[in-house]
Amino acid sequence: MTSTSASDGIAPRARRGSTAPAGAEDPTVHVHVHVTGIVQGVGYRPFVWRLATARGIAGWVRNATDGVHIDAKGRQSAIDSFVLSLSTQAPDAARVDTVHVDRLPDDHIAPMALVPGEAVTVSGQSSGSDFRIVESQESSRRSTLVSPDIATCPECARELFDPEDRRYHYPFINCTNCGPRFTIIDELPYDRARTSMARFEMCEDCAREYEDPSDRRFHAQPDACFSCGPHLSWRTVEKPGEVLWGRDRASSDRIVALAASMIKGGGIVAVKGLGGFHLACDATNQEAVARLRERKMRPSKPFAVMFGSLDQVRHLCHVDATERALLNGSVRPIVLLRRRAADDPELAEARVDVCDAVAGPLPQLGVMLPYTPVQLLLMEAVGNRPLVMTSGNLSEEPIIADDQLAVARLMDVADAFLGNDRPIRARYDDSVVSVVEGATMVVRRARGIAPTPLSLPREETGGVEVLACGPEQKATFCITRGEQAFVSQHVGDLENSDAFDSWRQSLSQYEGLFDLSWGALACDLHPEYLSSKWARSCAEERGVPLTEVQHHHAHIASVLAEHGVRGRVVGVALDGTGYGPDGAIWGGEVLTCDLASYARAAHLSYFRLPGGAAAIRKPLRCALGLLDACGLSDSDVARDVTDRLGVEGPVVRQMLGRDLNCPLTSSAGRLFDAVAALLGLVDKAGYDGEPACLLEAAATLVDADDDPRAAERYRVGLLPGDAGGDGSFVVDTAPLVRAVVDDVAAAVDVRVVARRFHEGFCDGVARAAVAVARSSELSAVALSGGVFMNRIVLTGVRSRLESAGLRVLVAHDLPVNDGCISYGQAAVARARIAASISGAAPQA
């Protein structure tokens, strides 16, 4: 087997087959080849044509709903070379999974239905070859894959700014190597007539390119130009009924100039992208960004920024080789980069900097480079000043993809709308990735990565496929097909009907496009998650089995499935919220588990959350609950926290005293929230995870080696036995919290306290995991959960575990946050189905 991957390192592994070895002679042979993987929408048929004609091979190639089929006749040596090249020389955007070859009788005549105007015949080769691209065909099963959207390639970018090129400044320039794919597709196989480009009939010039095997646009389905393709549109809030259209270069350039002028003047423009609208404004303009925050109802969550060039980014952020490849690659995700310190000479040389309102004091900045022609034109028109590019929606709502809906829903947010008449078939946010110690980790899996399926461990499920419905926040779903897992793009938080409607629409699209059917369901244990309620109702209506998966087991199972690990490991799951079977809110868990079962081996000590969800919004409530659990409710720090809560303070103290609406939690996320509040970093959370982000930001400013002796006081206790009531031992955080309170009372620098807390926490978690590994005789530890998005925690825990001789597993193809849950649920459900078939009885 051979591996093939995209140049940016995000695409999963691929596989291929091979023909039988050639004999001593070189006879003429006839074969049928079936290629599977991402082989549609990536220029694969033109690639096959070039391979065949160069080798004097006769026959044809066509798309089908189960991949690409090839009929090839030629010399044995030519056929062997041809088949090998199908995977080893495939286009960059392709992913070849298998190449299956069947030998045909020499007198076999393969059926071939030609599309008028589409067939390509080239004669006069050395062997008189006749190889054609023929009509696509429906197969019995839609099992082929679809390419994600691909960023504008360098050749198209060059043509876009070449005054001599006929597509000069055309906002939808593309070729077989780039452009929209999944976001325009209606059905398979992938042909123009089955996309949202069907309404645009190609002009003679485009048709000539489309039919010319020597042209880069040979069989490029979205191929178009000003004469025959989509065009820009422009609306303003002042005159929403008046639409300007960019039907030619002059009118199109005028629209881009209008958008740039509005942005440079401090305005906000909704810009239609590949998978939906962005809201764009000048990232150097404090007032413009503040206005966007107010209108979008996003008070503090950081914005992503689009830069015009990599050189511009380098002056503001550290960029290593992996990050550079991601920024310049075919996916072009948002990359979380470490910002340069204020005294860094590179920062001093920067011509522009983003304003404070973009990301506040956070040490990382979400950065991306332009990946569509519209963005390239807009960046040039604004003089390459950095632009905020955030999802076109209101806070907590799904991204908007329709022009009319954008005008209706974003009328109070944007000042104008830069749209177009090419419909979007699938809504996609930008993907987000981070590079930690040289390894790429996905933070949000969306445009450019999904819908590429992931692998699953082989299980004997009796042909039963699983629909896993995922979590409430950072929602995705997952549908299995054999050993493939189709994990949806990031949908968002299922806290309102619009988001859940988007979830169901995406589910319907995946089922139809990939012909996915399922006979079992999986969901989270939580009784109130919308996705879990839907799963329970659906299971009852359809009479199909339902597997309810504990949240943190799903976290660890996702890591095991990605790494292909079938045995039992120690799993450390650290996050904000997960429903525990004991009715408490879990989130600081050390498990022993495999795919089918888990046992709780250790957990962070419980403390109470006054008001439940209200404590998540107001971390000061978390702080009072934590202080109460540590016997510090009468401390000066507790009195200060009470005063900061205002009129709520005495009420919260009474709630704790009476144990009224104060659910117990072992959540690491809530522990971080509470400590951030104790340090005065936050009173009210503007978004989920903000207190922890601010705590990490403060800790990043201090080197862990600066004060090693003081940090020794920040240690947790390990209480053995069944102190947790379930046979597990407790990771007692009280000593850690008391050390924080002592330093706060002594007015120690907040940044130093934050760093000491991080180091003490990492040490305690690692000690607990090592203790469980030793007592359970296990040698591997899997890490998952949103708290591991904290670089200090991830690197700190991992290094301590590796120093103890343990193998550490972390997800890379999926997020460590809840974006991995549906995949983990699917892996657990499949393992339990297999266990039931084999007669085993896995522990829940």
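The values are calculated or read from the model by the stated rules, or taken from the named source; none is laboratory data. All figures in this text were calculated on a predicted structure; none of them were measured in a lab. Please note: Cβ atoms are built from the backbone with ideal geometry, for glycine as well, and neighbour counts cover all protein chains shown. SASA here: full protein model, heavy atoms, side chains in, ligands and nucleic acids out. Shrake-Rupley method; radii C 1.70, N 1.55, O 1.52, S 1.80 Å.
General remarks:
- Within region 533-584, the residues that satisfy the criterion of being out of contact with any Ser or Thr (no Cβ under 7 Å at 6 or more places or on another chain) and among the β-branched types (Val, Ile, Thr) are Val544, Thr547, Val549, Val565, Val569, Val572.
- Output for region 739-748, where each listed residue is open to solvent by 60 Å² or more (accessible area, probe 1.4 Å) and either touching a Pro at 6+ places or on another chain (Cβ under 8 Å) or of a type in the set (D, E, K, R) (or both): Asp742
- Flag if Ala381 is among the small types (Gly, Ala, Ser) and surrounded by 22 or more Cβ atoms within 10 Å (Cβ to Cβ): no
- Among residues of region 735-753 that are farther than 19 Å from Asp763 by Cα, those with a Cβ under 7 angstrom from a residue that is assigned to a helix (DSSP H, G or I) and charged (D, E, K, R), sequence gap 6+ or separate chain, pair up as Ala745/Asp636.
- Applying the condition of being in contact (Cβ under 8 Å) with a residue 40 or more places away in the chain and out of contact with any Leu (no Cβ under 9 Å at 6 or more places or on another chain) to region 446-461 and asking which residue is most open to solvent (accessible area, probe 1.4 Å) yields Glu460.
- Applying the condition of being among the acidic types (Asp, Glu) and open to solvent by 50 Å² or more (accessible area, probe 1.4 Å) to region 222-251 and asking which residue is modelled with the lowest pLDDT yields Glu238.
- Residues in region 608-655 that are farther than 20 Å from Asp732 by Cβ and of a type outside the set (Asp, Glu): 26 in all.
- Verdict on Gln550 being more than 27 Å from Asp97 (Cα to Cα) and open to solvent by 50 Å² or more (accessible area, probe 1.4 Å): no
- Of the criteria (1) open to solvent by 10 Å² or more (accessible area, probe 1.4 Å); (2) closer than 22 Å to Leu456 by Cβ; (3) in a helix (DSSP H, G or I), which one Asp515 fails: (3)
- For region 169-202, the set of residues classified as open to solvent by 50 Å² or more (accessible area, probe 1.4 Å), over 16 Å from Tyr371 (Cβ atoms) and not basic (Lys, Arg) consists of Asp186, Glu187, Ala193, Ala198, Glu201, listed by residue number.
- Residue list for region 330-364, filter: without any contact (Cβ under 8 Å) to a residue 12 or more places away in the chain and either among the acidic types (Asp, Glu) or surrounded by 18 or more Cβ atoms within 10 Å (Cβ to Cβ) (or both): Asp343, Asp344
- Within region 409-428, residues that are within 11 Å of Ile268 (Cβ to Cβ) have Cβ atoms under 7 Å from residues that are open to solvent by 50 Å² or more (accessible area, probe 1.4 Å) and not β-branched (Val, Ile, Thr) in these pairs: Asp412/Arg295; Val413/Arg295; Asp415/Met262; Ala416/Met262, counting only partners at least 6 apart in sequence or on another chain.
- Residue check, Pro302 open to solvent by less than 50 Å² (accessible area, probe 1.4 Å), under 20 Å from the mean Cα position of the chain (by Cα) and modelled with pLDDT of 95 or more: yes
- Tabulated pairs, region 681-695, first at positive phi, second among the hydroxyl-bearing types (Ser, Thr, Tyr) and part of a loop (DSSP other than H, G, I, E, B), C-beta under 6 angstrom, 6+ apart or interchain: none
- The residues of region 252-287 that are hydroxyl-bearing (Ser, Thr, Tyr) and open to solvent by 30 Å² or more (accessible area, probe 1.4 Å), listed by number, are Ser261, Thr284.
- None of Val647, Val675, Val652 is without any contact (Cβ under 8 Å) to a residue 60 or more places away in the chain and crowded, with 23+ Cβ neighbours inside 10 Å except Val652.
- Some residue of region 549-567 being within 22 Å of the chain's Cα centre (by Cα) and on the phi > 0 side of the Ramachandran plot: yes
- The single residue among Asp223, Asp215 that is part of a loop (DSSP other than H, G, I, E, B), touching a helix residue (DSSP H, G or I) at 6+ places or on another chain (Cβ under 6 Å) and without any contact (Cβ under 8 Å) to a residue 24 or more places away in the chain turns out to be Asp215.
- The set of residues in region 462-486 that are in contact with a strand residue (DSSP E or B) (Cβ under 9 Å, 6 or more places away or on another chain) and open to solvent by 10 Å² or more (accessible area, probe 1.4 Å) comprises Val464, Glu465, Glu472, Gln473, Lys474, Glu483, Gln484.
- Qualifying residues in region 586-616 (those that are of a type in the set (A, V, I, L, M) and surrounded by fewer than 21 Cβ atoms within 10 Å (Cβ to Cβ)) - the one nearest to Val716 (Cα to Cα): Ala599
- Matching entry among Ser87, Ser77 (being open to solvent by 10 Å² or more (accessible area, probe 1.4 Å) and modelled with pLDDT of 90 or more): Ser77
- Among residues of region 402-429 being of a type outside the set (Phe, Trp, Tyr) and open to solvent by less than 10 Å² (accessible area, probe 1.4 Å), the one that is farthest from Glu294 (Cα to Cα) is Ala426.
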